[in-house]
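This report refers to the structure that appears directly beneath it.
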Amino acid sequence: MSSVIDHYRQKMTEDDKAFFAALGRSIARLRKAQNMTQGQLAEFLGISQQHMASFEKGIRKVPASMLPMLAQLFGISVDELVGLKSPVAKRGPVPKLQRQIEQLARLPKAKQKFVSEMLDTVIQQQ
């Protein structure tokens, strides 16, 4: 009976197979970049080396509860671990010169030309 339950748990859709294969490749790549063996990573996660190998091959589903541990170990976000694009970094305070350039771009062309000529004169004096 338990083999039937194990088989049911491991049954994956084609999308699951593709996702877990990509996740396994990512885990293997990150593990190797840290110079870790499968055995060392398995020990860290509290699983067998064979279990770890099946994750990396995409044969078994990586439990969601392991994702934060893996991400933290590898120094990345869970989003990055599972292959999602990292969010665009939020822009910090805009430097004064950058704000001025953006304001300059909104001026009429004649005023833009005037400011540009003034800047050229100041820069040439340096």
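The values are calculated or read from the model by the stated rules, or taken from the named source; none is laboratory data. Owing to the predicted nature of the structure, the values given are computational and were not obtained by experimental measurement. We place every Cβ from the backbone using ideal geometry, glycine too, and count neighbours over all the protein chains shown. Protein only, heavy atoms only, side chains kept; ligands, DNA and RNA dropped before computing areas. Shrake-Rupley method; radii C 1.70, N 1.55, O 1.52, S 1.80 Å.
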Quiz item: Name the residues in segment 85-105 that are open to solvent by 100 Å² or more (accessible area, probe 1.4 Å) and modelled with pLDDT of 70 or more, would you?
Solution: LYS85, LYS96, LEU97, ARG99, GLN103
Quiz item: What pairs can you find where one residue is in segment 41-58 and more than 24 Å from ALA18 (Cβ to Cβ) and at pLDDT below 95, the other is of a type in the set (Lys, Arg) and open to solvent by less than 10 Å² (accessible area, probe 1.4 Å), and their Cβ atoms are less than 6 Å apart, with a gap of 6+ or different chains?
Solution: none
Quiz item: Among the residues of segment 38-60, how many are in a helix (DSSP H, G or I) and in contact with a Gly (Cβ under 8 Å, 6 or more places away or on another chain)?
Solution: 4
Exercise. Report yes if ILE123 is surrounded by 12 or more Cβ atoms within 10 Å (Cβ to Cβ) and either farther than 30 Å from ALA21 by Cβ or modelled with pLDDT of 75 or more (or both), otherwise no.
Key: no
Quiz item: What number of residues within segment 61-81 are in a loop (DSSP other than H, G, I, E, B) and open to solvent by less than 40 Å² (accessible area, probe 1.4 Å)?
Solution: 1
Quiz item: Is at least one residue of segment 22-34 modelled with pLDDT of 90 or more, assigned to a loop (DSSP other than H, G, I, E, B), of a type in the set (Lys, Arg) and open to solvent by 30 Å² or more (accessible area, probe 1.4 Å)?
Solution: no
